[in-house]
Each structure stands twice: as C-alpha cells, then as structure tokens.
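Take a look at the structure set out below.
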Amino acid sequence: MTEPEAILRMTGIRKEFPGVVALDDVDFRMFPGEVHALMGENGAGKSTLIKTLTGVHGIDAGTIELGGSAVSFAGPPEAQRAGVSTVYQEVNLCPNLSVAENIFIGREPRRFGRIHWAGMRRRAEVLLGALDLRLDVSAGLGSQSIAVQQMVAIARALDVSARVLVLDEPTSSLDAGEVEQLLKVLRSLREDGMAILFVSHFIDQVFAIADRMTVLRNGKLVGEYRTSDITPVELVTRMIGKELEVLDDLEESAHDRSDLAAAPVFLQADGLSRKGAVAPFSLEIRQGEVVGLAGLLGSGRTELARLLFGADHSDSGTLTVDGAVVPMRTPRAGMDHRIAFSPEDRKTEGLVGELTVRENIVLALQAARGWSRPLSRKRQDELAARYVAALDIRPTSPETLVRNLSGGNQQKVLLARWLITEPRLLILDEPTRGIDIGAKTEIQRLVAKLSGDGMAVLFISAELEEVLRLSHRVTVLRDRKVVAQLDNESLTADEIMSIIAEGSSA
Amino acid sequence: MTGHRLFWPIAALVALLLVDLAVKPSFFSVELRDGHLYGSLVDILRLGAPLILVGIGMTLVVATRGIDLSVGSVVAISGALACLHLSGLGDQNSVGGTLVAVAMALGLCLALGAWNGFLVAVLGIQPIIATLILMVAGRGIAQLITDGQIITITSGPFRAIGSGYLLTLPLSILIALVVFVLTSVLVRRSALGLLIEAVGGNPEASRLSGLRSGRLIWLVYVFGGLCAGVAGLMISANTSGADANHAGLWIELDAILALTIGGTQLTGGRFSLGGTVIGALLIQTLTTTVYTLGIPDTATLLVKAMVVLLVCLVQSPAFRAKVRRRRKSPPPAPADRPVKVEVSA
Amino acid sequence: GGGSDSAGGGAVTLGFSQVGAESGWRTANTKSVQESAKSAGIELKFSDAQQKQENQISAIRSFIQQKVKVIAFSPVVESGWDTVLKEAKTANIPVILTDRSVDSADKTLYKTFLGSDFVTEGKKAGTWLTKEFASATGDVNIVELQGTTGSAPANDRKKGFADAIAGQAKFKVVASQTGEFTRAKGKEVMEAFLKSQSKIDVLYAHNDDMALGAIEAIEAAGKKPGTDIKIVSVDAVKDGMQALADGKINYIVECNPLLGPQLMDLVKKVAAGQEVPTRIETEETEFDQAKAKEALPKRQY
Amino acid sequence: MSTLTRVKEYRPQQRHLPMIATLVLLVAAYGYGASQYPAFGSGQVVFNLFINYSWLLVVAIGMTFVILTGGIDLSVGSVVALSTVLSAELLTKHGWSAPAVIVLVLAVGALLGTGMGALIHYFEIQPFIATLVGLFFARGLCLTISTEAPSIDNAVFTSIAQTQIPLPGDSHVSISVVIALVVVVIAGYVLHYTRFGRTVYAVGGSEQSAVLMGLKVARTKVSVYALSGFCSALGGLLLVFYKLSGDPLSAIGTELDAIAAVVIGGTILSGGSGYVVGTVLGVLVLGMIQTLIDFDGTLSSWWTKIVIGALLFGFIVLQRLIARRAR
Ligand SMILES: Nc1ncnc2c1ncn2[C@@H]1O[C@H](COP(=O)(O)OP(=O)(O)OP(=O)(O)O)[C@@H](O)[C@H]1O
Ligand SMILES: Nc1ncnc2c1ncn2[C@@H]1O[C@H](COP(=O)(O)OP(=O)(O)OP(=O)(O)O)[C@@H](O)[C@H]1O
Ligand SMILES: [Mg+2]
Ligand SMILES: [Mg+2]
C-alpha cells in the first residue's frame, strides 16, 4: 500500500555514553495522524532516542528529518519551535512555581506586554479540565502528588499546537480514569493529523491507542510493526527476546488467607490522621500479609503510607507495633521498627543521583547501622551484585552513577535499597512505576515470596489489577478518607471502582 | 589518565611551578640551613599548611551543601586565646603551659563550631548567613581577647607549631599532613563519607533513608571549627604573636577556592580531600610566586584572577569539550591552503 | 525628644568616629581618646566604622541628628567628605580632623586638623638612611615592605622615603611589596625577598609590625637583623621599641597615636568658640637604639 | 471561584511570612531606638537609612536576581569600587563629561557581569568561583588605575550629590534615594510581570527542568549576572554621589552585606523563591543595626562587632520564630 510522507524520519541513529552504547544504528519514523508506540525493556534506549530527537543529547551518527528537511536541534527550545512538543520521562517541571505557571511558562498569556495572571489561571483550569483534573491552579506544584505533576506536564505539552507530540511514559503513575481521559484526548489529536510518539510499559494501553509500534532491545532496533499485525504476546517476546511466563501460580498463593488469620498483627493504626493529608483512619497489617491501597489520584494513599513510616508526623491517633504503642515522628523511628518505605517520587525523594548504584543500594542499611559501623566494601559489593542480578538492573556495573540509569532501572535500585534492610513491614508506593513487564512480574513474584516468608507489605499502585493480584486485603481511599477494607477473596477491579464511585455520588 | 579527578588540579600546580622554575631557576633550590630545609618550596609547604587545614574542614562542610564563612574569625580567636594564656605564664617555654594554652584554644573552637552547627542543623538558618554571624562577631571576640593589641609571645614550644622543624621538615606541614591522613581514613574507612555525600546530594532522600542528617551537619561544622582552630595556632605561632585584626582575614575565600580547584562542587555531594590539599598548595604557590617574581602589588590581584580563571577553565569539561570542537570544526583543508589550517588550528 | 538634653547641662558632647581597630596603633589611639575624654569631663559618643567610609559618614550624620557640640573623626580616606561636612556646617557643628586630613577644597568645612604627616615620616626614615650609609661606596640594596596598597599611609610613607633618597644613585629599592601592615605578611614577603634577592642591605618597613615579621624571616634565614640587614620602620609601638632596644631594628620614626589630650583641649576651645590654628602636627620624635632603651620603660602601647 | 478565594486567604501569606516578620522587627527596632536615644525618633533617621544605603540597596537588588536563579555574585563590591575609581579618574584626570562617564561606567559593569555570566553558563564554572575571579579582577583594575582616592568636583555630580529633596517635617532625601526606589519598582515589575522575570524563578526552581521546558536558560542566566553587574555599577555611581570620590579600597566586603540583605529578606540561596521587597527590608535591617550602634556611641570597637553579630542573630532567629508562629 502507499504510505503518506513521513513527518519524522530518524535513520542510523547512534548514541554512546561513556561505557554504554545507548543507541546503535536505530531507524525510526512517524506519520502524520498516527499514534506510534516506542517499546522496549528498561534501558532499551527509548528515552535516549527521544532526547536525541529533541536535541537534549547530540547524536554520534545518523540523520534526523522533520517534515522532509534534515534537522539537528541544539536543544529543546529549538525542537519546540520546530513543532516537536515533548513530555520527558521524569517529571520536569519547576516545583517552586504554581501549577498554572508550569503549564504556561515561556508562553504566558500577556496583556499590555505584561503577564496576564488571571487569564493564565483561567486557561490552565480549562486545559486541566480537558484532562478531567480540577484543582487550585495557583497552588505550588511542589505540593502536588507525582500523578498530578505528570498530568500538568502533559497539559503543558498539549497546549502548544505541535506537529509531533512526544510522550515518554506519560501514564506511569496515572490510574485507569486518567489514562482513559488521556487516550481520549490523544485520539482527537490524532484526528487533527498530529503525529504522536507514545511510550508505555502497559501493553493494553499501547494496543488500545497505537497504530504502529517500534521495538528496541539493548539500544538496537528490533523492528516496526502495525498494531493490527502483531499480538501482545508476540510484542513482549520481541521486547525481551524470549517467552514470558505468566503469573497464574502467583494468583493462587496470593489469595489464600487461611494461615493469615492466625498470624500476629505487626502494625496497627488507630485514628491516625494528618491535617490536609488524611482523615483519621484505622488499619492493621499482619505479618506475612499484603495490604493493597486502592484509590484515585490524590486520594491520600501516599500520605497514609508516609504516616505509617514517620515521614510526616500525625496530628492524632496512635500507632502500635508488635502490640506496643510507639511514637512515629521520624523516618528513623520507622526504620528502628524495621519498617521500610520506598517513596513514589524516586527522583526527588528516593535516589541520590550523584552516588553510584552500590552506594544508593546500601544507603538505608548503612544509615541504620550508623556511621561508625561501616559495611565492608566486600559486603557492599556482594549486596549490590546480588540485587543487580535479582532485579536485572542495567548496566550491571554497580559503580554506575544512578543519575545515568534509565528510569526503570533507577526504580529497581530504589527497591533494592529497601529489600536489603530486610524489613518486617515493606511499604511500596508505586514500586512498579515505569518498570517493564519483565521486571514487573519479577517484582510481583518477589513481593509474594517475601510475604510468604512472613514480611508484611503495604502495596500502593495506580494499576488496580496489580493491587488486586498481590494483596490479601484491599483498603480503599477516597478524598483522603479510608472508605472500605475488603478481604481479597475474589475482588474485581469493577467492585473497587464502584465502591470509589458510589461514595462520590453519595 | 586525564580521567582521574585530580589530574587537572595537579597539572595546574605543576605548570605553575614550572613557570617559577623558568623565571627564577633558584626557585627550586632547597638547601640545609641550621638543621632544617630552606627554600621557596619549603616556604610554600609551611605557609600552605593553615590553608590546607581550613580547606579540609571546609570541604566536609561544603559536601553537606553548607558553607562556613566564620573560619577566618575562628582562626583569629584560637590564636588570640592561646597567646593570651601564654603571655600570662611565668615561664612561657614550659611545655605543660603551652599544651594548656593549645587545649583551651581548640576547646573554644570546638564550641564555636558547635554554635555554627546549632544554627544550621537545629535552627535551620541558611549556612551562609548563620556563619556570617560568627564571622562578624568572632573578629570582635578575638579583639576583645587581645584587647585590640598584638599579643607577642616568646614560648619556644608554641612557636614550633608555626615555624618549627621536625626531621628537617616544617612542623606545620607535618601537622597538616597528619590531619589530612586521619580525616581521609576516618571519612573513607568509616561510613561518614558516604553519609555526608548522601546528605549533600539529596537531603530529602537521605532523610527518608533514615539518615540523622542533623547530627552529621553538626559534626562537620564542629570539625570545621577544630581545623580552623589548629590553623589559627599555626598562624599566630608563625609570627609569635596573635594579631586578632588580621589573622585569617579572607581565608574562607581561599579555602573555598582551594576546594573548588580540588574538584568539590559547592552544591554539595561528592568531595575530594586530596583535591583540596592540591588546591591549597596551588593558591599558596601563586602567592609565593607573586612575591618571588616581584610582581607589582597593584597587579597582584589581576594576576591572581587570571591564574585562577585559567585553572578553572582547564578543569571545566565544558570548556575542554568546546576547545576540542574548535580544533575539529574546520573542514579538512585542501592541500593547497595549508596556511589557513595553521591559523584556524 | 530634641537633642539639647543629649548635649548635657554644661558637659560638652563630642562625637568621635574612629576608622576601626585595624592595628595596635589604632587601638592605642582610640584608648587615648576615650580616656582623655573621661578625664577632661567631655561626654564622648564613640563610633567605630570598621574601615568603611560609608559607616563613618552615617555615624557623622547620626552625630548631627543628636546635635552634639563638636564632631571629630579620623578619615579612613582623605577624599569624599564634602557632602557630610557641609551638613555639619549647616547644622553649625564644628568639625576636628585627627590623624589624617581631608582634601576638601573648602577649608572652612573643618576647624582644624590634628595629626601627623605621613610623607614627613617617610622622609625622616629616608634621611636617616642617607646619613647611616653616607660613607658607603657600593650600591645600597633596599627592600621595602609597604602598607596596605592604596591606603594613605602606604602611599605617603613610600613617597616621602623615595623623595629623601632620590638624590643619590647608590640607593636602590630592589624590591617593594605590600605587607598589608601585618606581621604575617611582613614575614611571608620578607621570606620571599630573602630568596629572590641576592644581596639585601636595608629593609624599610612602613610600620613596626611588618618589621617584626620580617625580623623572624631574617633570623630563619640565618642572618642577623640589625647587623646583616639594617632595618628602619615607622610607628614605635612597644614591641617595635623592644626590638629596637635589642638591636634588631636600627631606627624607628615615631608616629604618635596618643592624640587624646591634645584633642580634648582643642574640643574645649572649639566648643567655647575660640580660634584655633588650622593645622596642628602632633609632636613626634625619632628613636635610635640608645633612645629606645631609655624610652622603653615608660612606653604605654 | 472558590479556589481563587482560597488562594487569597491562604497561599500568599505563607510565602510572605518572612518579610512580614522582618517588617515587624524593623518597626520594633525603631521603636526601641526612639525610646532609648533622643533624636532617634525623628523621621530623618529613617530617611537617612535610605540616604546612606541607597547604593547598597541597588547592589542588593541585582544580587536578588542572581540568587533567585540559584547563583551568587561575589564581584559586586569590587565592581562598585571600580565604578567609583573610573568615574573619578575620567572626570578629574581626563576631563570627560558627566553623562559620558555615567554611560561608560554602567556599560563596564554590565560587560563584566556578562563576562562572568558567560563563564558560568557556557564553561560551567561555579558561580562562586567565576564571580570570585570577577572580584579579584575588578579590584585589581581599581588598583592599577589608581592607588589614590581623588575627589570629584564635577559640577553635575556635585549637584546631584548635594541636592536635597525636602520632605514634610523638615526632613529630606537625596536624589540617589529616588533612583534606588525607581530601581526597586522596576525590578519588582520585571520579576512579577515579565517572561524574563518568571524564567529567573524557573531556573532557580530547577535549571534542568527549565531547559527541558524549552525556556531560554542560557540567555536568562547570562542576563542576571549582566544585570547584577549593571546594578553594581549603578550602585557605584550612587556611592560616588554619596562621597564624591573614587576610592580603590571602598566597598570591600559589600558582597557579604548584599547577600546578607537578600537572605534576611527571605530569599532562599538555592534559588527559586524570594521577593525584591524582602531585599529592601533586608537592607533596612542592616542599616537599622548600624544606626542603633551609631546612636549608642558607647561601644568599643570590638563590642561593636560583637553587637552587630548579636543583633543579626536576633533578627534572624526572631524572624524564624515569628514566621513559625504565624504558620
Ligand atoms: N546521561 C547518561 N549517561 C550515561 N548513560 C546513560 C545516560 N542516559 C542513559 N544512559 C544509558 O542509556 C541506556 C538507555 O537509557 P534510556 O533512558 O533510553 O532507557 P529507556 O528505554 O528509557 O528505559 P526506561 O524504560 O527505564 O525509561 C541505559 O543503559 C542508560 O544507562
Ligand atoms: N508533600 C505534599 N505536601 C502537600 N500536599 C501534598 C503532598 N503530596 C501530596 N499532596 C496532596 O495530597 C493529595 C494526595 O496526594 P497523594 O500522593 O497521597 O495521593 P495518592 O493517593 O498517592 O495519589 P497519587 O497516585 O497521585 O500518588 C495530592 O493530590 C496532593 O494534592
Ligand atoms: Mg525511559
Ligand atoms: Mg501517591
């Protein structure tokens, strides 16, 4: 069949970083009016390809054509002017500015040559409205949950009338509702002939929206496919280079609570609350139990988790660990009770980018031991090596600077940090954010195993299926309130959604 | 080779020394005079010692995203208190008395460091302003101690700290060396280094990883105070007198300069004590060079500016990259116009 | 409340703005002013400017606000006082300059100047040198330790000295660097000189502190200060005199900080509206080693 | 609408707390002075604050821009001195006309600033160091140009310097004060109502993000240093108007005063948050401290320093306490 002229054509792209070949002779093309998914495992080179397109990184070899003419952007501003609008993987906004400003800065509506603040706020509310998001747009961005920030970044990209829209894992921390909303918007943009580059580790999302997909593996091009010509299983096989075994076995083990009823309660919260974050709630977690938190964006899951760990301190209520009431004022207190908390925002709250993978992995354990009892270098290397292997962190050298890791691999490092502390309660806030399905199943299996060995787990994920698959019990939040706690015999996503929904109707 | 963190600082230092050698061949001559080594290089080591010490302390402070402007005043206070005590002694040459004086001075400096740490770690005041307080008040305290006069002392043991020699080497540099080695070992063999770099690299992440950053920050300021204290003793001992008004004036700037040349970022995180030592020596070499080559003192600052600029430029990867691109950029020139290549290269 | 009461019943209020406390000399100067004010029964408003002219100006402004009877100050620099002095004049508060003069074209802006002449000090040092080496035939190699670059005493003492030795070709200033008026720098610079200069006969230091620092350097180099290298300096602070008496310095030109008593007399006169000479040089002597020995015991600073 | 009302009653206060606290403290300090020292209460004392510190205020405004981007500028003091020396030199020795001198001085300041900005942005030299080089360089130029401090008798300068703008209550201010206040207003406007201003905040918030958002980071970063250089030069001119002399050793340590003023005014050194008004208050705090000491007139040289430190401490701690309380 005859294809229209490609709007974007990248040929023979090569990008080396000291020690790593991130991209090796990669071809990539996009057509107007299509959604093109860029697929690949963590570290495959997706974000790098995008950054070479927008001029964040220069290329070592290859050519880039936009609208038929060769281009090489010196930086994002140029790319933007040429009509390439991008949402990068890590949220890249200014926490010190308001939501509205983050959407419009650089393109602020002006009147009499001066910034027209009121007009800006109005337009921001409209834009976010289109994404079904209603919030005080003059509030500081820093105080928003990571999901909100992601939506803001998307809104910013949508506002510019671009020829090519690039979205690097825009949905990694959105829940079903927002995703649906986003896809709707993308479809209408596609109608208007925009070319959309879409990166996601959610296969179903990709098949729902993409017309065409390009698969990368270890920085090399595997191939380009029409969605209609390929099945999910085939796609995954091409991404990871081997068959993926599914998790039905896990399903079983997860849900039998027979022994749990007997298990002693590890942690119990009574009327715990924090103003502006979560209303008083009670919650108990038994040893070996996986409790999932379900709720919409901004429902207060993260807040709740932070209280249990002592990341924020509560205004009211008590926390009981092993039957003894304990003050939980600092993270340190949480750790002293063998509680671990892996935060949702790896960039600002999780990792120390300047330090190596090894150093980041041992950080929490070392902090717990205190400075005077250092882990021997040998011990550190072993720990690092073990978890680099276990979680398949790439590149495999534990001496790589974390900031040079791909998003998903960074997430794995964060996870490793807490796993080596061998906690009794492991709080995971969006642990699988931006992680490819291979690793995701790995992590889910790990969680199941750990709980099997008696570790209590509090599991937060925007992906409801994941929560359901893993948890013995699901605690549902709505508007910063705990509205239901359900044993997960055979819960379905719809049941949960209806619980969330009915509240908002009531 | 050029990859190593310390390559460029060392290269700069060597380059500067070579300039000296070229201009004044006698610059490298080191002879033995009444039982100790004597020569410009020896002076550089001896006079560089205080800066090295202050630099080491400052490096750790900076690694935690802090800064300590008060070191200069602490230097003055330390010297003043020690000399005040000594001047009161019947027999200034008594080792015991000297030790007491030293102990008193260093004790006070620890307290001053703790004060800085308190302001930063507990009250959460921004380091630059928190230490500015002691920078201003500290001078006053030092002058209060000396009553604005220069306290001259004759104590042999004390003077040794600044101008004495051991095994023909200046005692001061040996002290600095010991402090450097001890600190390096402590920091790298224990987990301090890692924890400090973590706190400086990402405070919130460190907090959520259970680091007691407050204590760490406190610790580094106390240590910074101690280092400044020792430096203060050296400086006053070197001139066998406490000059509360001038001792350690602007040393904080030189210290920060030294650690930057050494490759530590003022934004916190990774630090390199070795680099700081190199940086300090570089700065001292520069000063000595100016005096030795008889550069008119109206031009001194210009020279200093230029040298520092050069050193920082060659160290900056961005700069080197740009230069390399320059070299590359002109297209392979046709054989018939070789001259042009010369020009462009 | 109006300032009249601040001027006190009969007591004269004197607003005195000091440069700072940058040296022992300065501190002695301050002390003398404070003490003699007390003994003369003059109410003193003292303000230390921390070497900043801006502070001195604002201090003088506040004196004007408080309607003191007389204002005295030692200018941190000689220029830049017209505006504030005019204000003082319009508020008709008489002004006395101490230690350093100002270069205002309008001499009516201040009643009188009390202090020493830095150029003369330099000259005296130079003249001594010419006498000392009158017989010398070969070159006389001089190294100079200057005060803080750009400061009035440094400029003038350099100038005066240069003028004095100008006539004779045998006097050669082979090296001249700033020692910033401090011992530490004095020593550091001298160490460098000792290595860079093959032959040094004389050291001229703009103040005693630098000379004292240099002495340590000379001794460390295995030379005898005062004999191998002749030393002449300015100020005559106690430590300096000690060194002079010990024969480590050869000659010191006094620069007397004890202006207090003289100043207070002037203040009283000026306050009473009597006429005073427009320029009063403080009586200052010069010390050689012999004079130093007898002067030393009753040296207060 | 409800959101907007929430904005009004809640958000701004939070951000303005440090400044409000500072203002309260200033008033308190003034009240104390008035109660302690006769003639302190007179309005002129307040106006003198502005007269004496107008030059520092202008310098601090430039510094505010730099610090908002997360940078720092140590060169301001030297640039101020250079401006005074240049003015004196050109007016007295080379007989330039006043306007020409003013233009040149401002140009030189801006140029030096641009240079440092370029070093910082294009060669990624840390601001602290790049501007420290600037500090050495400018001060070095001062001394090479002249080691003396000549007076300036240029008619224009003298008239600007000595004109007093009368105010009610037989008090007065100088032209410099007016200039400084104009600068303040412009700066405030630029920061709040122009793209450049907002980009300054964005860069301070997260430079990497600012780049990826496609903002003109390079231009902004270089500009703030150019601006700071310009303000320092202007401050230098005001200082010339203030003293009518060019002193190569003047304004030593001004960088610390300026930084202190900015930080006391509630601006965060890591950048991204702060206001020009805060800086004004910060300068007034420093001035107030100096004035209190001048009026007291019993402090010895060293107690002066100690008390300055103590007052500084008091101001900062109280400021935090008040701010905390109000939260
Ligand atoms: N700045 C850098 N310096 C060094 N190596 C880098 C840098 N950026 C990326 N890399 C490496 O390039 C490879 C590709 O990274 P990239 O971020 O493109 O992966 P990705 O496909 O986006 O993975 P993910 O799905 O986790 O986001 C990784 O091995 C990463 O370690
Ligand atoms: N650090 C914070 N400070 C103040 N408010 C916050 C903070 N973090 C989140 N919030 C607010 O509280 C709401 C709940 O945030 P939280 O992250 O707990 O929601 P969540 O259920 O975790 O949703 P998400 O899936 O977005 O994380 C957010 O919508 C945000 O507006
Ligand atoms: Mg990626
Ligand atoms: Mg969350």
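Since every read-out is calculated from the coordinates, none of them should be taken as a lab result. Values in this document were obtained by computation on a predicted structure and should not be read as measured data. Here Cβ is always computed from backbone atoms with ideal geometry, including for glycine, and neighbour counts include all displayed protein chains.
Which longest uninterrupted range of chain A lacks any trypsin sites (Lys or Arg not before Pro) assigned by DSSP to a loop state (not H, G, I, E or B) and surrounded by at most 12 other Cβ atoms within 10 Å?
A:330-506
Per-residue ellipticity at 222 nm for chain C, helices alone: DSSP H runs ≥ 4 residues times -39500 (n - 2.57), over residue total, nearest 500 deg cm²/dmol? Write down the numbers at each step before the final one.
Values: 10 runs with 122 residues, N = 301.
Helices in chain C give a 222 nm mean residue ellipticity of -12500 deg cm²/dmol.
When the convex hull of the Cα atoms of the stretch A:352-422 is projected onto a plane and the area is averaged over all directions, what value comes out in nm²?
Values: hull surface 16.7 nm².
Averaged projected hull area, Cα only: 4.2 nm².
When DSSP assigns beta bridges and you keep just the ones with both residues in the protein assembly as shown, what percent turn out antiparallel, to the nearest 5? Before the final figure, lay out each step's value.
Values: 59 of 134 bridges.
Around 45 percent antiparallel, to the nearest 5.
I'd like to verify something in chain D: which complete DSSP H helices, judged by Cα projection on the helix axis, reach 20 Å or more and average at least 0.0 on the Kyte-Doolittle scale?
Details: long enough: D:2-36 (49 Å, -0.03); D:43-68 (33 Å, 1.80); D:98-122 (35 Å, 1.89); D:127-145 (26 Å, 1.82); D:175-193 (27 Å, 2.48); D:217-243 (38 Å, 1.11); D:276-296 (30 Å, 1.75); D:301-326 (38 Å, 1.06).
In chain D, the long hydrophobic H runs are D:43-68, D:98-122, D:127-145, D:175-193, D:217-243, D:276-296, D:301-326.
Provide the FRET efficiency to the nearest 0.05 for the A:ALA324-A:GLU399 pair, computing r from the beta carbons and using R0 = 35 Å. Each step should come with its number before you reach the end.
Values: r = 42 Å, r/R0 = 1.20.
E(calc), rounded to 0.05, equals 0.25.
Hey, with R₀ at 35 Å, roughly what FRET efficiency would B:ARG33 and C:ALA134 work out to, going by the Cβ-Cβ distance, to 0.05? Write out the running numbers ahead of the final one.
Values: r = 33 Å, r/R0 = 0.95.
The value I calculate is 0.60.
Which of the listed residues, D:ILE51, B:ILE235, B:LEU144, is farthest toward the dipole's positive end in the protein assembly as shown, when Lys, Arg count +1 and Asp, Glu count -1 at the beta-carbon?
D:ILE51
Gap in Å between the Cα centre of the stretch A:1-58 and the Cα centre of the stretch C:268-301?
The two parts, judged by their Cα centres, are 87 Å apart.
A 22 angstrom limit on the alpha carbon distance is what I want to check against. Which of C:LYS195/C:LYS223; A:LYS347/A:LYS412; A:LYS412/A:LYS481 exceed it?
On the way: C:LYS195/C:LYS223 12 Å; A:LYS347/A:LYS412 13 Å; A:LYS412/A:LYS481 30 Å.
Beyond 22 Å between Cα atoms: A:LYS412/A:LYS481.
By a straight-distance test (C-alpha under 26 Å), which lysines pair with C:LYS67 as possible cross-link partners, with residues fewer than eight away in the same chain excluded?
Within the straight-line cut-off, C:LYS67 pairs with C:LYS31, C:LYS38, C:LYS45, C:LYS52, C:LYS86, C:LYS89, C:LYS107, C:LYS111, C:LYS268, C:LYS269, D:LYS243, D:LYS305.
What FRET efficiency comes out for A:SER69 versus B:ARG215 if R0 is 60 angstrom and r is the Cβ-Cβ distance? Round to the nearest 0.05.
Working: r = 60 Å, r/R0 = 0.99.
My answer for the efficiency is 0.50.
Which residue, chosen from C:ASN141, C:GLY273, C:SER196, occupies the Cα position most advanced towards the positive end of the dipole of chain C, where the dipole is computed from +1 (Lys, Arg) and -1 (Asp, Glu) charges on Cβ about the Cα centre?
Working it through, the farthest residue towards the positive pole turns out to be C:GLY273.
Treating only the Cβ atoms of Lys and Arg (+1) and Asp and Glu (-1) as charged, compute the dipole magnitude of the stretch A:87-203 about its Cα centre; round to the nearest 20 debye. Mind dumping the intermediate values first?
On the way: 13 positive and 14 negative charges, 131 e Å.
The calculated dipole for the stretch A:87-203 is roughly 620 debye.
Give a residue-ordered list of calculated ³J(HN,Hα) values for the stretch A:84-100 (Karplus: 6.51 cos²θ - 1.76 cosθ + 1.60, θ = phi - 60°; whole Hz; x for Gly, Pro).
Along the stretch A:84-100, the couplings run 10, 9, 10, 10, 7, 5, 6, 4, 10, 10, 9, x, 7, 9, 6, 3, 4 Hz.
Identify the GluC sites (Glu not before Pro) of the stretch A:1-48 meeting these criteria: DSSP loop state and at most 13 other C-beta atoms within 10 Å of the C-beta.
On the way: sites: A:GLU5, A:GLU16, A:GLU34, A:GLU41; in loops: A:GLU5, A:GLU34, A:GLU41.
Taking the stretch A:1-48 and a limit of 13 other Cβ atoms within 10 Å, the loop GluC sites (Glu not before Pro) found are A:GLU5.
Put a dot 7 Å past each Cα toward the Cβ at C:LYS298 and C:LYS86; how far apart are the dots in nm?
With each label point 7 Å from Cα toward Cβ, the separation is 4.8 nm.
In the stretch A:8-240, how many lysine pairs have Cα atoms under 21 Å apart, counting only pairs 8 or more places apart or on different chains?
Values: A:LYS15/A:LYS46; A:LYS15/A:LYS51; A:LYS15/A:LYS220; A:LYS46/A:LYS220; A:LYS51/A:LYS220.
Lysine pair count for the stretch A:8-240: 5.
Please report the antiparallel percentage of the DSSP beta bridges confined to chain A, to the nearest 5. Mind showing how you got there, number by number?
Values: 44 of 79 bridges.
About 55 percent, rounded to the nearest 5.
Taking the simple approach of a point 7 Å from Cα along Cα-to-Cβ for both D:VAL178 and B:LEU123, what is their distance in nm?
4.1
Within 10 Å of each candidate Cβ there may be at most 15 other Cβ atoms; applying that plus a DSSP loop requirement, which GluC sites (Glu not before Pro) in the stretch A:341-450 survive?
Details: sites: A:GLU344, A:GLU349, A:GLU354, A:GLU359, A:GLU382, A:GLU399, A:GLU442; in loops: A:GLU344, A:GLU354, A:GLU399.
Hits after loop and neighbour filter: A:GLU399.
Give me the angle, in degrees from 0 to 90, between the Cα long axis of helix B:273-292 and the longest principal axis of the Cα atoms of chain B, rounded to the nearest 10.
Value to nearest ten degrees: 90.
Would you tell me the mean number of C-beta atoms belonging to other protein chains that fall within 10 Å of each C-beta in A:304-312, as a whole number?
Details: counts 0, 0, 1, 0, 0, 2, 2, 3, 0.
Mean partner-chain Cβ count within 10 Å for A:304-312: 1.
Work out from phi, with θ = phi - 60° and the Karplus expression 6.51 cos²θ - 1.76 cosθ + 1.60, the ³J(HN,Hα) of each residue of the stretch A:55-72, listed in order in whole Hz, and give x for Gly and Pro.
With the stated coefficients, the stretch A:55-72 comes to x, 5, 10, x, 9, 8, 7, x, 10, 10, 10, 10, x, x, 10, 5, 9, 8 Hz.
Using +1 at the Cβ of each Lys and Arg and -1 at the Cβ of each Asp and Glu in the protein assembly as shown, identify which of B:ALA321, A:LEU355, A:ILE203 lies farthest towards the dipole's positive end.
The Cα lying farthest towards the positive end belongs to B:ALA321.
Separation of the stretch C:37-103 and the stretch A:111-138 by C-alpha centroid, Å?
Here the answer is 59 Å between Cα centres.
Using Cα centres only, tell me the gap between the stretch B:129-184 and the stretch A:355-372 in whole Å.
About 36 Å separates the Cα centre of the stretch B:129-184 from the one of the stretch A:355-372.
DSSP beta bridges in chain C, what fraction antiparallel, as a percent rounded to 5?
Details: 3 of 43 bridges.
Once the DSSP bridges in chain C are tallied, antiparallel ones form about 5 percent.
How far is helix B:213-238 tilted, in degrees, relative to the longest principal axis of the Cα atoms in chain B, given as a value from 0 to 90 rounded to the nearest 10?
Rounded to the nearest ten degrees, it is 80.
Using 0.36 nm per residue of separation minus the Cα-Cα distance, give me the extension gain between A:ALA390 and A:THR492 in nm, one decimal. Each step should come with its number before you reach the end.
Details: separation 102, 0.36 × 102 = 36.72 nm, distance 3.07 nm.
Gain on extension, A:ALA390 to A:THR492, equals 33.6 nm.
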